[in-house]
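Structure record follows, encoded as structure tokens.
The values are calculated or read from the model by the stated rules, or taken from the named source; none is laboratory data. These figures come from a predicted structure and were not determined experimentally. Neighbour counts run over all protein chains shown; Cβ positions are idealised from the backbone, glycine included.
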Amino acid sequence: MSLGGELQGVGRLLDVAGLRHRVIASNLANANTPNYLRREVRFEEALVKALEGGGDAEAVRPEVVVDPDSPTRLDGNNVESERELVDLSKNALMYQALSRAAASKAGMLRAAIMGRGGV
């Protein structure tokens, strides 16, 4: 994969992390809403399947799905604030790491274009 392609891939993962952040924030905002079922973003599993199976990884899109499997409280809500906060922290760390990777790749690409790549 080319450096530009890698940067595009990292950008795509940043987009997914941003979507996941919004979904988790929505779950937290609705933690006390009766009959609200938490949502989650599914992407990585489908991407791995596409990559391993020789499929089109570009065609894989993140999907926001309702989580009907988590146990519900008496009010019909299944949001556990502690779980959402852990997921939010994990996602923030992932976003931070991806941002650093994108900045590094962009710097390498810039250096190559400017002729200061050292090669």
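Looking across the range 89-105 at every residue that is in contact with a helix residue (DSSP H, G or I) (Cβ under 7 Å, 6 or more places away or on another chain) and at pLDDT below 90, the one that is surrounded by the fewest Cβ atoms within 10 Å (Cβ to Cβ) is identified as ALA101. Quick check: anything in the range 52-63 at pLDDT 95 or above, farther than 27 Å from ALA106 by Cα and of a type in the set (Gly, Ala, Ser)? No, the conditions are met nowhere in the range 52-63. Could we say that TYR95 is in contact (Cβ under 8 Å) with a residue 60 or more places away in the chain and either at positive phi or among the hydroxyl-bearing types (Ser, Thr, Tyr) (or both) here? Yes: the conditions hold for TYR95. Evaluation of ALA46 against the conditions (1) at pLDDT 95 or above; (2) not in a loop (DSSP other than H, G, I, E, B) shows that the sole unmet condition is (1).
The residue of the range 43-62 that is farthest from the chain's Cα centre (by Cα), among those that are surrounded by 13 or more Cβ atoms within 10 Å (Cβ to Cβ) and either under 17 Å from LEU14 (Cα atoms) or among the β-branched types (Val, Ile, Thr) (or both), is ALA57.
Among the candidates ARG83, ARG12, ARG20, single out the residue that is within 22 Å of ALA97 (Cα to Cα), basic (Lys, Arg), touching a helix residue (DSSP H, G or I) at 6+ places or on another chain (Cβ under 8 Å) and not in a loop (DSSP other than H, G, I, E, B). Talk me through it step by step, then tell me what you get.
Numbers: ARG83 fails: touching a helix residue (DSSP H, G or I) at 6+ places or on another chain (Cβ under 8 Å); ARG12 fails: touching a helix residue (DSSP H, G or I) at 6+ places or on another chain (Cβ under 8 Å).
The conditions single out ARG20.
Scan the range 11-42 for residues that are touching a residue at least 60 places away in the same chain (Cβ under 8 Å) and within 13 Å of the chain's Cα centre (by Cα) and the total you get is 8.
Could you list, in sequence order, the residues of the range 27-42 that are of a type in the set (Ser, Thr, Tyr) and crowded, with 16+ Cβ neighbours inside 10 Å? Reasoning before the result, please.
Just the residues of the range 27-42 that are of a type in the set (Ser, Thr, Tyr), to begin with: 33, 36.
Of everything in the range 27-42, just one residue is of a type in the set (Ser, Thr, Tyr) and crowded, with 16+ Cβ neighbours inside 10 Å, namely TYR36.
Residue pairs whose Cβ atoms lie under 7 Å apart, sitting 6 or more positions apart in sequence or on different chains, and linking a residue in the range 72-92 that is farther than 22 Å from ASN35 by Cα to a partner that is among the basic types (Lys, Arg) and assigned to a helix (DSSP H, G or I), are ASN91/ARG20. The residues listed here are MET114, MET108; of these, the one that is of a type outside the set (Ser, Thr, Tyr), farther than 14 Å from ASN27 by Cβ, surrounded by 12 or more Cβ atoms within 10 Å (Cβ to Cβ) and at pLDDT below 95 is MET108.
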